[in-house]
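Notes follow once the structure below has been shown.
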Amino acid sequence: MLVQVPGGWNPLLGRLAIDQIPYTNPILAPLFVAVVIGGIILLGLITYYQKWGYLWKEWLTTVDHKKLGVMYIILGLVMLFRGFIDGLMIRTQQVWANGPQSSGVFGAVHGYLTPFHFGQVYSAHGLIMILLAATPLLVGFMNIIVPLQVGARDMAYPYLNALGLWITAAAVALIMISLFVGDFAHNGWFGYAPIFELQYSPGVGVDYWIWTLELTALGTTLGGINLIATIVKMRAPGMTWFRLPIFTWASLSANIIALTSFPALQVALFLVACDRYFGSHFFTAGFGGNLMLYTNLFWLWGHPEVYFVILPAFGMMSEIFPAFSEKPLFGYITMVAASFAIAGVSWLVWLHHFFTMGAGPEVNSFFSVATMLVGIPTGVKVFNWAFTMYRGRITYTAAMLWAIGALFLLLVGGLTGMMLAIPAINYMVHNSVFVIAHFHSMLLVIVYAIFGSVLFWFPKVFGFKLDEFWAKTMFWLFSAGTVLVFVPMYMLGFMGQTRRLDYVFNTAWHPYLVTEEIGIAVYCLSVAAFFVLLYVSIRDRVKNRVGQDAWGTSRSLEWLTHSPVPFYNFAVTPHVNARDELAWRRHNGINEAQPTQYVDIHMPNNTGVAIYIGALTFVLGFALTWRVWWLCLLSLVAIIVLMIVRSWRGDPGYIITAAELEKMEREAMQRQQQVEGHLPHHGGHAVPSGAMAYEGQKVSPLGTPPSSGDHH
Amino acid sequence: MSHGHDNPILHPEVQMSSTRGYFTGFLISLVLMAAATAMVSSHAFPPFGLLMVITICAAIAIIAQIYFLLHIDVSEHNIWNTVSLVLFIPLFILTIGLTWWMFSQLYLRTMPMMPGMH
Ligand code: HEM
Ligand SMILES: [Cu+2]
């Protein structure tokens with residue numbers, strides 16, 4: 001039943017053989033040595049400082065949504081860096097391999113990458129940036145912020161949350177190891193039939209691609225289920241649907257898209273796997289297969305996916321603009337409606353990625369109109385943000401600069417998207433670098449929103465602000481890089497440069513390619529500025545400490561608890577009285593009201609099961625890629641056994657007693673006092689009647705200290 | 001904390017699961033899948049007829065799985081299941097329907113007619 005693979009195969013190691021390690025490759029071999037040395041140094045340092053126990057207890061086995069979120073973000077940033085290096089390599093190859101006179105090294109006729117290697121670099125770049133950089137970064141933020149914004153103590157399923165992270169990490173490990181063991185796919189990030197069929201891609205690259213995608217799809221789906229359940233079920237009392245912060249609404253709409261669309265990707269890839277492993281003919285050219293059916297299935301997921309990543313970014317912008325304009329968000333209801341309109345329409349437009357298939361004028365017109373409809377809710381959002389800033393008291397913090405930058409990019413990306421949505425134009429520029437420039441504008445909206453959010457929410461998570469000067473330096477360098485790379489790219493698209501060229505024949509394009517390369521150099525500077533930013537901020541962390549409301553103008557519930565957020569989030573579940581609860585409390589003078597009494601709380605225990613299962617899914621992916629059947633079976637059985645054992649045991653959780661809670665809260669308040677210079681007072685003044693600050697506790701008059709009481 | 005930490009086994013949606021239900025669902029799917037495979041590999045009907053028959057098999061399998069494995073019905077305690085079902089049906093119709101439409105239009109222009117179709 002299994003297909004015969006070309007090259008060697010043996011039952012013990014599958015297709016693995018020593019010649020699969022590219023030790024003769026002049027780029028990979030030194031990199032491999034560097035990675036090994038770096039890895040040894042890192043592990044050595046952890047051992048030397050005896051941090052293994054700390055790492056294991058506090059991070060690797062945690063189920064705390066904030067720590068998992070931080071790890072998601074670190075993972076995303078690392079992959080953003082890797083993807084950036086890929087981008088740098090692509091740009092350098094094109095500027096070098098330009099025209100018949102251009103030189104070639106390392107076995108390439110032109111430039112320094114052979115077509116085979118160039119194909120792998122751009123395929124990895126796209127896959128990494130969308131699914132292993134942007135997605136983990138956004139999921140990380142949703143993980144941290146959503147439970148805080150809805151006033152929950154954790155996600156609905158803390159253990160599932162850890163599982164999602166570690167499965168995503170397994171996907172990352174799989175694509176990273178493809179650098180050093182075997183090679184990666186060269187079929188682009190989305191794949192084409194029939195080039196990914198075994199006949200045309202006999203190596204393991206496509207298999208790496210399949211299983212990496214399957215694992216991220218799985219991890220993201222699990223995360224999506226968790227976020228939806230959290231938003232639906234875990235809202236604090238008083239947090240009615242129309243008091244939900246917009247970021248939470250955006251997360252809800254995005255995760256509904258994820259939950260409904262990722263299965264399409266998983267099925268499409270399983271069918272590709274069937275073709276490659278069992279010799280079926282779903283996407284072959286003969287035997288009843290249908291090439292375009294793959295493209296159809298892929299974009300059935302692919303287009304909703306791009307909205308899955310942009311909607312949380314819109315949500316982030318919707319939080320940053322009001323905070324730094326000192327005004328409530330303009331058009332809250334329309335913002336919610338627009339998010340869901342975008343989510344809904346995103347299901348109706350996927351054919352715009354293959355207008356050129358030639359389904360005829362009726363079909364193309366339908367999808368063209370549907371695509372352009374997306375512009376309406378998106379336009380609503382843009383105007384809402386503009387009106388939020390209009391006549392606001394704007395402070396141009398670095399976070400605000402990133403958000404404004406995102407707004408401009410959205411305009412550029414949206415308008416070029418509209419052009420692409422017209423079939424007559426699309427036939428001219430499809431698969432040109434104009435499309436590349438379009439979606440990079442869009443994906444940069446996400447990157448800008450993410451960096452804005454890093455600055456905006458960093459003090460909430462870590463208790464101190466990042467350095468404004470270096471953050472702004474980074475912003476301006478990054479923006480200069482963006483303009484220098486993508487404006488010439490739009491132009492080249494119009495001039496007819498197609499995408500994915502390992503050799504650019506037209507020497508008239510040289511000045512544009514050089515400009516793009518300069519842009520990449522400027523991007524490198526902004527990456528350096530980012531590292532300086534981290535260094536300077538951590539060095540000055542004591543000076544930059546903040547209290548609960550880090551910016552003084554924040555609006556939603558996450559700013560109500562201490563910074564850094566204690567592991568139990570809220571000592572007592574807050575009672576929500578208004579949309580923009582913190583702004584409402586500040587307005588009524590009770591933003592520092594503390595609970596009058598504490599009660600015991602129930603928390604989930606740490607567990608190592610999630611990281612074990614993550615590691616096993618990596619082994620499974622690796623074994624499938626190399627066709628080591630016994631290892632596939634072993635890891636699969638181990639995963640199932642672990643799941644059953646864990647479900648059987650369950651998690652009784654543990655209790656933080658009211659007394660312990662009180663002690664921790666006092667310490668947190670003392671820290672806050674050191675930062676802000678006064679003790680938070682209990683209760684407030686001018687409180688509207690019927691208001692409730694904490695669950696079951698009326699806002700009390702000034703001066704009653706919180707006490708644990710004797711009711712548990 | 002008092003909410004939601006009572007015995008999860010007692011939740012109504014968990015109570016709905018039964019070993020018999022799971023096995024019935026599993027068996028029905030298995031039989032349908034085997035039947036479809038057998039019909040296709042033995043060329044039991046002309047191609048277009050086969051397509052219709054295995055589509056019907058798939059539809060029955062889906063319904064059986066929704067009912068026996070996912071326990072989706074329209075009762076009160078399953079309200080969120082109903083919501084997701086309502087959300088899912090239009091998506092299902094849209095994606096399958098539009099795919100059908102675009103490929104039929106494509107085939108009109110590019111393909112010979114499938115044997116057994118008229
Ligand atoms: C106003 C909204 C938008 C419109 C009208 C639009 C339109 C289009 C069209 C027509 C294409 C196909 C171009 C071609 O291949 O010929 C395209 C490609 C693409 N768009 Fe958009 N788009 C919009 C928003 C977005 C957003 C929000 C994102 C992501 C964050 C995005 C990401 C992409 C990507 C990744 C591709 C190409 C993928 C590839 O071929 O590798 N677009 N867009
Ligand atoms: Cu699209």
From the list A:365, A:346, pick out the single residue that is within 14 Å of chain B (Cβ to nearest Cβ), of a type in the set (Ser, Thr, Tyr) and away from ligand 1 (no atom under 12 Å from the Cβ). A:365
Consider residue A:617 carefully, then state whether it is assigned to a helix (DSSP H, G or I) and within 29 Å of the chain's Cα centre (by Cα). yes
Subset of segment A:278-316 [within 30 Å of residue A:9 (Cα to Cα), under 31 Å from the mean Cα position of the chain (by Cα), assigned to a helix (DSSP H, G or I) and more than 16 Å from ligand 1 (Cβ to nearest atom)]: A:291
In segment A:94-124, the residues that are of a type in the set (S, T, N, Q), over 28 Å from the mean Cα position of the chain (by Cα) and assigned to a helix (DSSP H, G or I): A:94
Of the residues that make up segment A:329-344, is at least one out of contact with any helix residue (DSSP H, G or I) (no Cβ under 8 Å at 6 or more places or on another chain) and either part of a helix (DSSP H, G or I) or crowded, with 17+ Cβ neighbours inside 10 Å (or both)? yes
Among the residues of segment B:32-43, are any farther than 30 Å from residue A:650 by Cα and among the β-branched types (Val, Ile, Thr)? yes
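Here's the yes/no breakdown for (1) within 16 Å of ligand 2 (Cβ to nearest atom); (2) under 30 Å from residue A:474 (Cα atoms); (3) modelled with pLDDT of 95 or more:
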{"site": "A:410", "(1), (2), (3)": "yes, yes, yes"}
{"site": "A:428", "(1), (2), (3)": "no, no, no"}
{"site": "A:434", "(1), (2), (3)": "yes, yes, yes"}
{"site": "A:438", "(1), (2), (3)": "yes, yes, yes"}
{"site": "A:448", "(1), (2), (3)": "no, yes, yes"}
{"site": "A:452", "(1), (2), (3)": "no, yes, yes"}
{"site": "A:455", "(1), (2), (3)": "no, yes, yes"}
Might you check whether a residue that is within 16 Å of ligand 1 (Cβ to nearest atom), crowded, with 24+ Cβ neighbours inside 10 Å and more than 14 Å from chain B (Cβ to nearest Cβ) occurs anywhere in segment A:317-328? yes
Restricting attention to segment B:53-75, does a residue exist that is assigned to a helix (DSSP H, G or I) and within 12 Å of chain A (Cβ to nearest Cβ)? no
Does at least one position in segment A:348-361 carry a residue that is surrounded by 21 or more Cβ atoms within 10 Å (Cβ to Cβ), more than 12 Å from ligand 2 (Cβ to nearest atom), more than 26 Å from the chain's Cα centre (by Cα) and at pLDDT below 95? yes
Filtering helices (runs of 4 or more DSSP H) wholly in segment A:373-435 for at least 2 residues that are within 26 Å of the chain's Cα centre (by Cα) gives A:375-389, A:398-420
Test residue A:586 against the stated conditions and say whether it is without any contact (Cβ under 8 Å) to a residue 60 or more places away in the chain and either of a type in the set (Lys, Arg) or touching a strand residue (DSSP E or B) at 6+ places or on another chain (Cβ under 7 Å) (or both). yes
Count of segment A:23-78 residues which are over 20 Å from residue A:612 (Cβ atoms) and either in a loop (DSSP other than H, G, I, E, B) or among the acidic types (Asp, Glu) (or both): 8
Identify the residue in segment A:139-158 that is of a type outside the set (Lys, Arg) and part of a loop (DSSP other than H, G, I, E, B) and, among all such residues, is nearest to the other protein chains (Cβ to nearest Cβ). A:156
Could you check segment B:37-50 and list, in sequence order, the residues that are on the phi < 0 side of the Ramachandran plot and either in contact with a Leu (Cβ under 9 Å, 6 or more places away or on another chain) or surrounded by 15 or more Cβ atoms within 10 Å (Cβ to Cβ) (or both)? B:39, B:40, B:44, B:45, B:50
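Quick grid of which residues meet (1) assigned by TED's automatic domain parsing to the domain that holds residue A:475; (2) among the aromatic types (Phe, Trp, Tyr); (3) touching a helix residue (DSSP H, G or I) at 6+ places or on another chain (Cβ under 8 Å):
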site	(1), (2), (3)
A:515	yes, no, yes
A:523	yes, yes, yes
A:530	yes, yes, yes
A:550	no, no, yes
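The values are calculated or read from the model by the stated rules, or taken from the named source; none is laboratory data. If you're wondering where the values come from, they're calculated on a predicted model, not measured in any experiment. Cβ sites come from the backbone with ideal geometry, for glycine too, and all protein chains shown count toward neighbours.
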